[in-house]
1. Test of understanding: among B:THR212, B:THR181, which residue is modelled with pLDDT under 95 and of a type in the set (Val, Ile, Thr)?
2. Working only within the stretch B:48-69, note down all residues that are surrounded by 13 or more Cβ atoms within 10 Å (Cβ to Cβ) and modelled with pLDDT of 65 or more.
3. Which members of the stretch B:1-36 meet the condition of being more than 21 Å from A:VAL21 (Cβ to Cβ), within 11 Å of DNA strand D (Cβ to nearest atom) and surrounded by fewer than 16 Cβ atoms within 10 Å (Cβ to Cβ)?
4. Is it the case, given these coordinates, that B:GLY30 is within 12 Å of chain A (Cβ to nearest Cβ) and modelled with pLDDT of 90 or more?
5. Answer yes or no as to whether A:ASP112 is in contact (Cβ under 8 Å) with a residue 12 or more places away in the chain and within 17 Å of A:ALA198 (Cβ to Cβ).
6. Report, ordered by the first and then the second residue, all pairs with beta carbons closer than 9 Å, sequence separation of six or more or different chains, a first member in the stretch B:13-41 that is at positive phi, and a second member that is away from DNA strand D (no atom under 14 Å from the Cβ) and modelled with pLDDT under 95.
7. Output the residues belonging to the stretch A:211-231 that are touching a residue at least 40 places away in the same chain (Cβ under 8 Å) and within 19 Å of A:VAL85 (Cα to Cα).
8. I'd like to check something: does the stretch A:133-150 contain any residue that is in a helix (DSSP H, G or I), among the β-branched types (Val, Ile, Thr), within 13 Å of chain B (Cβ to nearest Cβ) and crowded, with 22+ Cβ neighbours inside 10 Å?
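The values are calculated or read from the model by the stated rules, or taken from the named source; none is laboratory data. All values derive from a computational prediction rather than experimental measurement. Note that each Cβ is placed from the backbone with ideal geometry, even for glycine, and that neighbours are counted across all protein chains shown.
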Number of protein chains: 2
Amino acid sequence: MLKQERQSRILEILRMEGKLVATDLSVALGVSEDTVRRDLRELAEAGTLQRVHGGALPRSSVEVDYAARERQASAGKAAVARAAVKLIEDDQVIILDGGSTVLQVVRRLPADLRATVVTHSPRIAIALAEYPRIEVIVIGGILYKTDLLTVGAGTVQAFSSINADLCFQGIWGLHPEVGITYPNFEEVHVKRAMMKSADQVVALASAEKLGTASSFFVAPVSDLTHIVTERTVPEEMLKPYRDLGVSILTG
Amino acid sequence: MLKQERQSRILEILRMEGKLVATDLSVALGVSEDTVRRDLRELAEAGTLQRVHGGALPRSSVEVDYAARERQASAGKAAVARAAVKLIEDDQVIILDGGSTVLQVVRRLPADLRATVVTHSPRIAIALAEYPRIEVIVIGGILYKTDLLTVGAGTVQAFSSINADLCFQGIWGLHPEVGITYPNFEEVHVKRAMMKSADQVVALASAEKLGTASSFFVAPVSDLTHIVTERTVPEEMLKPYRDLGVSILTG
DNA sequence: ACAATACACGCACAAAAACGCAAAGTCAAC
DNA sequence: GTTGACTTTGCGTTTTTGTGCGTGTATTGT
C-alpha cells in the first residue's frame, strides 16, 4: 500500500470513528506501529489531525481546536502566567492580547483587582466578566476565527486611541536580533498598535519561543520592557535580551 | 480510552450536569479514582474547571450563570430558534443581538451558510467562529457583564454605520400598545441602533414575553417586520400584532 | 473528637513514542 | 539491465507517558 493512500485512509477512518488508536490502526492497515506513528506525526505536522498519546483526535472544528489548545496549556505556561500577574497593580489601564497564555493570566488575577482592561479577544473579555471591579473594554473588528480575536483597520485605530499603563503580549517567536515575530500578517498590525499604546510592554514567552522566529516581523526586542518566561531557561539564553535593556522575570 | 478524549468527556459532563463528583466519574469512565483526580487536577491547572473537595465545578460564576440560563432554555426557545433560522438566506448581512435565544439560533444555522454577521456579543461571536463561510464582525464597546455584550456610545455609533438585511432581537417585553421594552437602560440605545440599521427586524419572543412590559422603552411594535414565537400562543393574543402589520411566525 | 472519605505523593509497571540504523523498495538516467 | 540517489519501512534500544496501588496526610460531617 502506498504511503499517501494509507494516510488518506487514516483520515477517512478518523472522520468515521471520531478518534484513532495507533495500535488498532497498525493491524487494520497491516503495517508496523512505527509506520502508523510516522504517518500520524506527519499528519499532525500538517495540521490535519491532533496527535495525542495513544493515537489521534480530529482537529476540525474551531471549538475543539481552541479547547484543545487551552487544555494543553502546559505547566510552563501556567508558571509564566503566575509570574506575569505580579506586574499588575490596582487602578491601571491594561491591554491584553489573546492567546492561551494570556487567558491563564486572566484566570490568575486577584479576585478584587480594580482596573480597566482593553482587549480584542472575545474569549478574554468573557473570562474578565467575572471580576466585578474590572471595567472591560472590547475592541471590535473582523473576527479572525482560528485565534478568536478581532483584526482589521478598525481594530488598529481603536487601539491607537488608548493610553494604557501595561500591555501583555502573547509571543510566537522572540529572537534577540530578529525581534518579535508572528505567524499571521493581519494580527501583526494589531499587535504593533497595542504595543505602541502602552507605557510598559510585557512579552509572555514560554521557553520554546525564545530564540525562534516566525514569518512576520512585529517589533524589535528593545520595544519590550519585560519578558516573562520559565525558570528552566539557562542564563546564557537570557543575556542577549538583558543586554537590550529588557527586564526578565521567571516563574 | 485516550487521555484527551476522556478529559473532553469530563468537560462535556460538567457542562451538562453543572458539577462533577470524582467517585462517580471513576465508574462512569471506567478508570481508577486516581486517574480521575489527576485529570481534574490537570484541567484545574489549565483553568478549565474549578477543583473542589469531592469533585469539580465550572470555573466561572459568569459561565455558570450563562450555562444555567442556556440549560433552562426551554423547548419553547428551541422551537422559536428553529423557526427563526428559516428567515435566513445565503449572502445576507445579519445583525445578531445577544441572549440565549439568539445563541440557539446560531447553533441551528446551516453549517455551510454564507453570510456576514454583525454582533456585539462576544459569546455569539465565538459560537459563530465554527462556521467557515460566515464573516463575523464584532462590535466593541464597554462590556456589560451580566448579559455579556458591549454597550456605550462607541457601540451605538458602530451599529449606525451598518446597513444590514436582517436583525434578530432578543425580547424581554413585547406589548401591542407599550411596544418593545427592556430591563437595562444602556442596552436600549444599542438595540435601537441595531434595529435602525436593518431592513427587516425579527423579534424572538418566547410565549411568556408576549403582552408584558419591562422598564425601558425601545421601540414601537410597528418597527418590527416579524415576530417569531411559540405555536402554543392563542390566535387572539397574536391578532393585535398582526393588526400592526407584523408577520407572525411560529415553530 | 472521631470516623469516613477524599486527596497527594512516591513507586512500579506497562504501553507508547522517539531515535538511530540497516534492509528493502522506488525511481530516474544512462 | 544496471547503477546510484532517494524514500520508505521495520527492528532494537532508549526515553517518555499514563495508570494503578500503597501509604500517609487533609478535609469533611456527625
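1. Exactly one residue qualifies, and that residue is B:THR212.
2. If the condition is that a residue be surrounded by 13 or more Cβ atoms within 10 Å (Cβ to Cβ) and modelled with pLDDT of 65 or more, then B:THR48, B:LEU49, B:GLN50, B:ARG51, B:VAL52, B:GLY55, B:ALA56, B:LEU57, B:PRO58, B:ARG59, B:SER60 are the ones that fit.
3. B:GLU33, B:ASP34
4. Criteria not met by B:GLY30.
5. So A:ASP112 does not fit the description; no.
6. Hits for this filter: B:GLY18/B:PRO58; B:GLY18/B:VAL64; B:GLY18/B:ALA67; B:GLY18/B:ALA68; B:GLY18/B:ARG71.
7. If the condition is that a residue be touching a residue at least 40 places away in the same chain (Cβ under 8 Å) and within 19 Å of A:VAL85 (Cα to Cα), then A:LEU224, A:HIS226, A:ILE227, A:VAL228, A:THR229, A:GLU230, A:ARG231 are the ones that fit.
8. no
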